[in-house]
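Q: Below: one structure in structure tokens.
None of the figures in this text is laboratory data; all of them are computed from the coordinates on show. These numbers come from a predicted model, not from an experiment. So basically every Cβ, Gly included, is an ideal-geometry build from the backbone, and we count neighbours across all protein chains shown.
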Amino acid sequence: MATAKKAAKKSAAKKPAAKKSAAKKPAAKKSAAKKPAAKKSAAKKPAAKKSTAKRKPNAAFMKAMTPSTTLAAVVGGMPMPRTEVTKKIWDYIKKNKLQDAVNKRLINADEKLRAVFGGKSKVSMFEMTKLVSNHLK
């Protein structure tokens, strides 16, 4: 009988403890829920209205540049802006399937592009623009 009383005391002691821990959890969730709400209102403040004026294109990009003879073999000999030169090089790369199959950022140069790229057989797309700019005057 003494063991039955001890078991009853233990189960009675366990029940209120379970309720207290359950009561603490929602309180913690409420405080956590309040914090993100404050962050959302703070995120709205930096979003100020931007002016609706149109951006002017940079004149340096639109200036007609004359390609060198090696670059003219790929894009043509007529003077054109840098943006058009880049577009024509990409058209040439895609037409001849020179983009690396595994790493799309690399370009496998053929004979014409190898002359433009300074003898390199593989060039990254970011390095390409630097190498092409050497052939524009």
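Q: What do you reckon, is Lys104 farther than 18 Å from Asn134 by Cβ and surrounded by fewer than 17 Cβ atoms within 10 Å (Cβ to Cβ)? Lay out the reasoning, then the answer.
A: Values: farther than 18 Å from Asn134 by Cβ: yes; surrounded by fewer than 17 Cβ atoms within 10 Å (Cβ to Cβ): yes.
Yes: the conditions hold for Lys104.
Q: Is region 111-121 home to any residue that is over 15 Å from Ser68 (Cβ atoms), among the aliphatic types (A, V, I, L, M) and either in a helix (DSSP H, G or I) or out of contact with any Cys (no Cβ under 6 Å at 6 or more places or on another chain) (or both)?
A: no
Q: Oh, and also: Restricted to region 63-89, and to residues that are part of a loop (DSSP other than H, G, I, E, B) and touching a residue at least 60 places away in the same chain (Cβ under 8 Å), which residue is surrounded by the fewest Cβ atoms within 10 Å (Cβ to Cβ)?
A: Thr66
Q: Please state which of the following conditions Tyr92 fails to meet, knowing it meets all the rest: (1) of a type outside the set (Val, Ile, Thr); (2) out of contact with any strand residue (DSSP E or B) (no Cβ under 8 Å at 6 or more places or on another chain); (3) free of Cβ contacts under 8 Å to residues at least 12 places away in the same chain.
A: Among (1) of a type outside the set (Val, Ile, Thr); (2) out of contact with any strand residue (DSSP E or B) (no Cβ under 8 Å at 6 or more places or on another chain); (3) free of Cβ contacts under 8 Å to residues at least 12 places away in the same chain, Tyr92 violates only (3).
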